[in-house]
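What follows is a set of notes on a single structure, which appears directly below.
The values are calculated or read from the model by the stated rules, or taken from the named source; none is laboratory data. It should be emphasised that the depicted structure is a prediction, and the values quoted were computed from it without experimental measurement. Positions of Cβ are generated from backbone atoms using ideal geometry, with glycine treated the same way; all protein chains shown enter the neighbour counts. SASA here: full protein model, heavy atoms, side chains in, ligands and nucleic acids out. Shrake-Rupley method; radii C 1.70, N 1.55, O 1.52, S 1.80 Å.
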Amino acid sequence: MSTDTGTQLTSLPPCSVNVPMLVVAYTGDATRSGDRALSGNRALAVETPVNLVYGSVPHAVMMATPSDLDDFAYGFSLTEGIVESAEEIRGTRVEAGSDGVRLHIDLAPGRLREHLARKRAISGRTGCGVCGIEDLAELPRAEMRAVPSLQIRLPAIARALAGLDAAQRLGAETRAVHAAAWAGLDGELLAVREDVGRHNALDKLIGALMRAGTRADQGFLVITSRCSFEMVEKAARLGAAVIVAISAPTSLALERARVHGITLCAIARADTVTVFTGAERLVTA
(Lines give C-alpha, C1' and ligand atoms only; values in the text may rest on other atoms or scores of the structure.)
Protein backbone atom coordinates (compact mmCIF):
# COMPACT_ATOMS: atom_id res chain seq x y z
CA MET A 1 0.00 0.00 0.00
CA SER A 2 1.50 3.34 -1.02
CA THR A 3 2.28 5.72 1.82
CA ASP A 4 3.34 8.72 -0.24
CA THR A 5 1.45 11.70 1.18
CA GLY A 6 2.42 14.11 -1.56
CA THR A 7 4.48 17.27 -1.47
CA GLN A 8 3.12 20.81 -1.40
CA LEU A 9 5.31 23.15 -3.40
CA THR A 10 3.37 26.23 -2.39
CA SER A 11 0.70 26.97 0.19
CA LEU A 12 -2.77 25.68 -0.61
CA PRO A 13 -5.81 27.93 -0.37
CA PRO A 14 -7.75 27.66 2.91
CA CYS A 15 -10.83 25.44 3.04
CA SER A 16 -13.03 28.32 4.22
CA VAL A 17 -12.94 32.11 4.24
CA ASN A 18 -14.79 34.63 6.40
CA VAL A 19 -16.74 37.29 4.52
CA PRO A 20 -18.91 40.18 5.78
CA MET A 21 -22.65 39.68 5.57
CA LEU A 22 -25.88 41.39 6.53
CA VAL A 23 -29.18 39.62 7.12
CA VAL A 24 -32.07 41.56 5.57
CA ALA A 25 -35.61 41.25 6.96
CA TYR A 26 -38.57 40.87 4.59
CA THR A 27 -40.66 43.24 6.70
CA GLY A 28 -39.97 46.26 8.85
CA ASP A 29 -36.56 47.94 8.65
CA ALA A 30 -35.19 46.82 5.29
CA THR A 31 -31.54 46.76 6.35
CA ARG A 32 -31.65 46.48 10.16
CA SER A 33 -28.01 47.57 10.13
CA GLY A 34 -28.23 48.55 13.79
CA ASP A 35 -28.98 44.98 14.87
CA ARG A 36 -25.59 43.48 15.65
CA ALA A 37 -27.03 39.97 15.77
CA LEU A 38 -27.92 40.23 12.08
CA SER A 39 -24.61 41.51 10.75
CA GLY A 40 -21.01 40.37 10.93
CA ASN A 41 -18.96 37.66 9.23
CA ARG A 42 -19.86 34.24 7.85
CA ALA A 43 -17.62 31.36 6.78
CA LEU A 44 -17.92 30.27 3.15
CA ALA A 45 -16.54 27.05 1.72
CA VAL A 46 -13.65 27.58 -0.69
CA GLU A 47 -14.12 26.24 -4.21
CA THR A 48 -11.02 26.09 -6.39
CA PRO A 49 -10.05 24.48 -9.72
CA VAL A 50 -8.03 21.28 -9.23
CA ASN A 51 -6.22 20.05 -12.34
CA LEU A 52 -5.44 16.33 -12.17
CA VAL A 53 -2.28 15.63 -14.13
CA TYR A 54 -0.98 12.12 -14.95
CA GLY A 55 2.65 12.07 -15.95
CA SER A 56 2.90 15.49 -17.50
CA VAL A 57 -0.46 15.31 -19.27
CA PRO A 58 -3.47 17.19 -17.82
CA HIS A 59 -6.53 14.95 -17.55
CA ALA A 60 -9.35 16.81 -15.82
CA VAL A 61 -10.23 20.01 -14.00
CA MET A 62 -12.57 19.52 -11.05
CA MET A 63 -13.98 22.26 -8.86
CA ALA A 64 -13.21 21.10 -5.33
CA THR A 65 -12.40 22.04 -1.75
CA PRO A 66 -8.57 22.16 -1.44
CA SER A 67 -8.27 19.58 1.34
CA ASP A 68 -7.25 15.89 1.42
CA LEU A 69 -6.03 16.19 -2.16
CA ASP A 70 -3.78 13.12 -1.94
CA ASP A 71 -6.86 11.09 -1.00
CA PHE A 72 -8.70 12.73 -3.90
CA ALA A 73 -5.94 11.65 -6.29
CA TYR A 74 -6.26 8.00 -5.28
CA GLY A 75 -10.06 7.90 -5.14
CA PHE A 76 -10.56 9.75 -8.43
CA SER A 77 -8.03 7.49 -10.15
CA LEU A 78 -9.87 4.37 -8.98
CA THR A 79 -13.42 5.54 -9.69
CA GLU A 80 -12.44 6.85 -13.13
CA GLY A 81 -10.97 3.44 -13.98
CA ILE A 82 -7.44 4.80 -14.37
CA VAL A 83 -6.03 2.42 -11.73
CA GLU A 84 -7.23 -0.82 -10.17
CA SER A 85 -5.34 -0.54 -6.87
CA ALA A 86 -3.32 1.86 -4.74
CA GLU A 87 -0.09 0.09 -5.72
CA GLU A 88 -0.42 1.42 -9.27
CA ILE A 89 0.09 4.98 -7.97
CA ARG A 90 3.75 5.65 -7.16
CA GLY A 91 3.18 9.05 -5.59
CA THR A 92 1.37 12.38 -5.72
CA ARG A 93 2.45 16.00 -5.67
CA VAL A 94 0.32 19.07 -4.97
CA GLU A 95 1.26 22.35 -6.62
CA ALA A 96 -0.73 25.49 -5.84
CA GLY A 97 -0.69 28.49 -8.15
CA SER A 98 -2.56 31.72 -8.70
CA ASP A 99 -4.97 30.03 -11.11
CA GLY A 100 -5.75 26.96 -9.03
CA VAL A 101 -4.15 23.73 -7.87
CA ARG A 102 -2.32 21.12 -9.93
CA LEU A 103 -2.49 17.61 -8.55
CA HIS A 104 0.29 15.55 -10.13
CA ILE A 105 -0.22 11.77 -10.01
CA ASP A 106 2.70 9.48 -10.78
CA LEU A 107 1.45 6.17 -12.20
CA ALA A 108 3.36 2.93 -12.61
CA PRO A 109 4.84 2.91 -16.15
CA GLY A 110 2.55 0.23 -17.57
CA ARG A 111 -0.56 1.83 -16.12
CA LEU A 112 0.47 5.27 -17.43
CA ARG A 113 0.85 3.90 -20.95
CA GLU A 114 -2.61 2.34 -20.77
CA HIS A 115 -4.08 5.57 -19.44
CA LEU A 116 -2.55 7.75 -22.14
CA ALA A 117 -3.75 5.34 -24.80
CA ARG A 118 -7.38 5.90 -23.82
CA LYS A 119 -7.14 9.38 -22.35
CA ARG A 120 -10.24 11.51 -22.40
CA ALA A 121 -10.40 15.17 -21.46
CA ILE A 122 -13.15 16.41 -19.17
CA SER A 123 -13.89 19.78 -17.66
CA GLY A 124 -15.59 19.31 -14.32
CA ARG A 125 -18.09 21.52 -12.64
CA THR A 126 -18.50 21.22 -8.88
CA GLY A 127 -18.39 17.48 -8.27
CA CYS A 128 -19.61 16.71 -11.78
CA GLY A 129 -19.75 13.00 -12.42
CA VAL A 130 -20.00 12.68 -16.20
CA CYS A 131 -18.85 16.03 -17.60
CA GLY A 132 -17.16 15.69 -20.97
CA ILE A 133 -18.93 12.47 -21.94
CA GLU A 134 -19.76 12.70 -25.63
CA ASP A 135 -21.62 9.44 -26.11
CA LEU A 136 -24.01 7.39 -23.97
CA ALA A 137 -21.75 4.38 -24.42
CA GLU A 138 -19.05 6.25 -22.50
CA LEU A 139 -21.09 6.54 -19.29
CA PRO A 140 -18.96 5.19 -16.43
CA ARG A 141 -20.01 1.71 -15.35
CA ALA A 142 -17.92 -0.14 -12.83
CA GLU A 143 -16.91 -3.71 -13.60
CA MET A 144 -18.63 -6.33 -11.52
CA ARG A 145 -16.73 -7.07 -8.33
CA ALA A 146 -17.35 -9.60 -5.61
CA VAL A 147 -19.60 -7.70 -3.18
CA PRO A 148 -19.10 -8.86 0.42
CA SER A 149 -21.88 -10.97 1.94
CA LEU A 150 -21.72 -9.11 5.24
CA GLN A 151 -24.61 -8.20 7.51
CA ILE A 152 -25.22 -4.82 9.13
CA ARG A 153 -27.26 -4.42 12.30
CA LEU A 154 -29.77 -1.60 12.08
CA PRO A 155 -28.53 0.04 15.32
CA ALA A 156 -25.11 0.38 13.62
CA ILE A 157 -26.70 2.56 10.94
CA ALA A 158 -28.41 4.66 13.61
CA ARG A 159 -25.09 5.07 15.43
CA ALA A 160 -23.30 6.20 12.26
CA LEU A 161 -26.00 8.77 11.51
CA ALA A 162 -25.93 10.05 15.10
CA GLY A 163 -22.21 10.75 14.87
CA LEU A 164 -22.23 12.27 11.40
CA ASP A 165 -23.06 15.88 12.29
CA ALA A 166 -20.23 16.19 14.79
CA ALA A 167 -17.79 14.69 12.28
CA GLN A 168 -18.53 17.34 9.64
CA ARG A 169 -16.27 20.13 10.83
CA LEU A 170 -16.21 22.11 7.60
CA GLY A 171 -19.93 21.53 7.18
CA ALA A 172 -20.63 22.94 10.62
CA GLU A 173 -18.54 25.99 9.79
CA THR A 174 -19.92 26.73 6.32
CA ARG A 175 -23.18 24.78 5.84
CA ALA A 176 -22.12 24.42 2.21
CA VAL A 177 -20.31 21.12 1.75
CA HIS A 178 -21.13 17.44 1.39
CA ALA A 179 -19.62 14.61 3.40
CA ALA A 180 -18.90 10.95 2.77
CA ALA A 181 -18.10 8.65 5.67
CA TRP A 182 -16.96 5.09 6.26
CA ALA A 183 -18.47 3.35 9.26
CA GLY A 184 -17.30 0.11 10.83
CA LEU A 185 -19.67 -2.82 11.24
CA ASP A 186 -20.58 -1.45 14.68
CA GLY A 187 -21.48 1.97 13.26
CA GLU A 188 -18.41 3.84 14.50
CA LEU A 189 -17.30 6.45 11.98
CA LEU A 190 -13.73 5.59 10.99
CA ALA A 191 -13.14 8.13 8.20
CA VAL A 192 -14.94 11.26 6.98
CA ARG A 193 -14.13 13.48 4.01
CA GLU A 194 -15.85 16.75 2.99
CA ASP A 195 -16.02 18.74 -0.23
CA VAL A 196 -18.20 21.24 -2.06
CA GLY A 197 -18.86 18.45 -4.56
CA ARG A 198 -20.58 15.26 -3.43
CA HIS A 199 -18.66 13.16 -5.95
CA ASN A 200 -15.40 14.71 -4.78
CA ALA A 201 -16.20 13.95 -1.14
CA LEU A 202 -16.78 10.29 -1.99
CA ASP A 203 -13.63 10.13 -4.12
CA LYS A 204 -11.62 11.57 -1.22
CA LEU A 205 -13.07 9.01 1.16
CA ILE A 206 -12.39 6.14 -1.25
CA GLY A 207 -8.83 7.37 -1.67
CA ALA A 208 -8.33 7.46 2.10
CA LEU A 209 -9.63 3.90 2.40
CA MET A 210 -7.35 2.74 -0.44
CA ARG A 211 -4.28 4.27 1.15
CA ALA A 212 -5.11 2.78 4.54
CA GLY A 213 -5.72 -0.67 3.10
CA THR A 214 -9.27 -0.77 4.50
CA ARG A 215 -11.24 -3.86 3.52
CA ALA A 216 -14.60 -3.29 1.88
CA ASP A 217 -16.18 -6.08 3.93
CA GLN A 218 -15.49 -4.30 7.21
CA GLY A 219 -17.98 -1.44 7.01
CA PHE A 220 -20.42 0.63 4.99
CA LEU A 221 -20.70 4.01 3.27
CA VAL A 222 -22.72 6.98 4.55
CA ILE A 223 -23.26 10.00 2.28
CA THR A 224 -24.99 13.27 3.08
CA SER A 225 -26.22 13.87 -0.46
CA ARG A 226 -28.75 12.23 -2.73
CA CYS A 227 -27.62 8.90 -4.11
CA SER A 228 -27.15 9.22 -7.85
CA PHE A 229 -26.00 6.83 -10.57
CA GLU A 230 -22.41 8.05 -10.28
CA MET A 231 -22.30 7.60 -6.51
CA VAL A 232 -23.36 3.96 -6.85
CA GLU A 233 -20.76 3.34 -9.55
CA LYS A 234 -18.02 4.81 -7.34
CA ALA A 235 -19.13 2.63 -4.44
CA ALA A 236 -19.07 -0.39 -6.74
CA ARG A 237 -15.49 0.38 -7.78
CA LEU A 238 -14.55 0.32 -4.12
CA GLY A 239 -16.43 -2.94 -3.61
CA ALA A 240 -18.72 -1.50 -0.92
CA ALA A 241 -21.76 -3.63 -0.08
CA VAL A 242 -23.96 -1.05 1.67
CA ILE A 243 -24.71 2.62 0.96
CA VAL A 244 -26.67 4.76 3.41
CA ALA A 245 -27.76 8.13 1.95
CA ILE A 246 -29.41 11.05 3.71
CA SER A 247 -31.47 11.95 0.64
CA ALA A 248 -33.40 9.82 -1.82
CA PRO A 249 -31.84 7.83 -4.66
CA THR A 250 -32.55 8.30 -8.34
CA SER A 251 -34.17 5.54 -10.40
CA LEU A 252 -30.91 4.79 -12.24
CA ALA A 253 -29.00 4.63 -8.95
CA LEU A 254 -31.44 2.00 -7.74
CA GLU A 255 -31.14 0.06 -10.98
CA ARG A 256 -27.34 0.02 -10.78
CA ALA A 257 -27.37 -0.91 -7.10
CA ARG A 258 -29.46 -3.95 -8.01
CA VAL A 259 -27.07 -4.86 -10.81
CA HIS A 260 -24.06 -4.64 -8.49
CA GLY A 261 -25.80 -6.39 -5.59
CA ILE A 262 -25.40 -3.34 -3.34
CA THR A 263 -27.74 -2.70 -0.43
CA LEU A 264 -29.14 0.80 -0.94
CA CYS A 265 -30.62 2.60 2.06
CA ALA A 266 -31.73 6.21 1.76
CA ILE A 267 -33.86 8.96 3.30
CA ALA A 268 -31.94 8.07 6.46
CA ARG A 269 -33.24 9.72 9.62
CA ALA A 270 -32.55 9.34 13.32
CA ASP A 271 -35.40 6.86 13.80
CA THR A 272 -35.97 5.31 10.37
CA VAL A 273 -34.22 4.42 7.14
CA THR A 274 -35.82 3.44 3.83
CA VAL A 275 -34.39 0.28 2.25
CA PHE A 276 -34.71 0.21 -1.55
CA THR A 277 -32.78 -2.97 -2.30
CA GLY A 278 -30.64 -5.55 -0.52
CA ALA A 279 -32.69 -5.73 2.70
CA GLU A 280 -31.34 -9.22 3.38
CA ARG A 281 -28.08 -7.69 4.63
CA LEU A 282 -29.83 -5.77 7.41
CA VAL A 283 -30.63 -7.39 10.74
CA THR A 284 -32.21 -6.08 13.93
CA ALA A 285 -30.35 -5.86 17.23
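Looking at region 201-210, is at least one residue charged (D, E, K, R), surrounded by 24 or more Cβ atoms within 10 Å (Cβ to Cβ) and touching a residue at least 40 places away in the same chain (Cβ under 8 Å)?
Yes, region 201-210 contains at least one residue that is charged (D, E, K, R), surrounded by 24 or more Cβ atoms within 10 Å (Cβ to Cβ) and touching a residue at least 40 places away in the same chain (Cβ under 8 Å).
Exactly one condition in (1) of a type in the set (A, V, I, L, M); (2) more than 19 Å from Leu238 (Cβ to Cβ); (3) surrounded by 15 or more Cβ atoms within 10 Å (Cβ to Cβ) is false for Ala179; which is it?
Just one mismatch for Ala179, condition (2).
Give the residue, chosen from Arg215, Arg226, Arg169, Arg237, that is under 17 Å from Ser77 (Cβ atoms), charged (D, E, K, R) and surrounded by fewer than 23 Cβ atoms within 10 Å (Cβ to Cβ).
Arg237
Output the residues belonging to region 47-92 that are part of a loop (DSSP other than H, G, I, E, B), in contact (Cβ under 8 Å) with a residue 40 or more places away in the chain and open to solvent by 10 Å² or more (accessible area, probe 1.4 Å). Let's see the steps before the verdict.
Let us first name the residues in region 47-92 that are part of a loop (DSSP other than H, G, I, E, B), namely 47, 55-56, 65-68, 80-85.
Those left that are additionally in contact (Cβ under 8 Å) with a residue 40 or more places away in the chain: 47, 55, 65-68, 80-81, 85.
Those that are part of a loop (DSSP other than H, G, I, E, B), in contact (Cβ under 8 Å) with a residue 40 or more places away in the chain and open to solvent by 10 Å² or more (accessible area, probe 1.4 Å): Glu47, Gly55, Ser67, Asp68, Glu80, Gly81, Ser85.
Is there a residue being open to solvent by 10 Å² or more (accessible area, probe 1.4 Å), of a type in the set (A, V, I, L, M) and assigned to a loop (DSSP other than H, G, I, E, B) anywhere in region 254-270?
Yes, region 254-270 has at least one match.
His115 is checked against (1) at pLDDT below 95; (2) in a helix (DSSP H, G or I); (3) open to solvent by 20 Å² or more (accessible area, probe 1.4 Å) and fails just one. What number does that condition carry?
(3)
When you look at Asp99, is it more than 28 Å from Ala216 (Cβ to Cβ) and charged (D, E, K, R), yes or no?
Considered against the rule, which asks whether it is more than 28 Å from Ala216 (Cβ to Cβ) and charged (D, E, K, R), Asp99 comes out as yes.
Scan region 1-42 for residues that are closer than 30 Å to Met210 by Cβ, modelled with pLDDT of 50 or more and either touching a Ser or Thr at 6+ places or on another chain (Cβ under 6 Å) or basic (Lys, Arg) (or both) and report the count. If you could, list the steps in order and put the result at the bottom.
Let us first name the residues in region 1-42 that are closer than 30 Å to Met210 by Cβ, namely 1-16.
Pick out the ones that are also modelled with pLDDT of 50 or more and you get 10-16.
With either touching a Ser or Thr at 6+ places or on another chain (Cβ under 6 Å) or basic (Lys, Arg) (or both) added as a condition, the list becomes 13, 15-16.
Within region 1-42, residues that are closer than 30 Å to Met210 by Cβ, modelled with pLDDT of 50 or more and either touching a Ser or Thr at 6+ places or on another chain (Cβ under 6 Å) or basic (Lys, Arg) (or both) number 3.
Go through the residues of region 151-168 one by one and say whether even a single one is modelled with pLDDT under 95, touching a Gly at 6+ places or on another chain (Cβ under 6 Å), over 21 Å from Asp68 (Cα atoms) and basic (Lys, Arg).
For region 151-168, residues modelled with pLDDT under 95, touching a Gly at 6+ places or on another chain (Cβ under 6 Å), over 21 Å from Asp68 (Cα atoms) and basic (Lys, Arg): absent.
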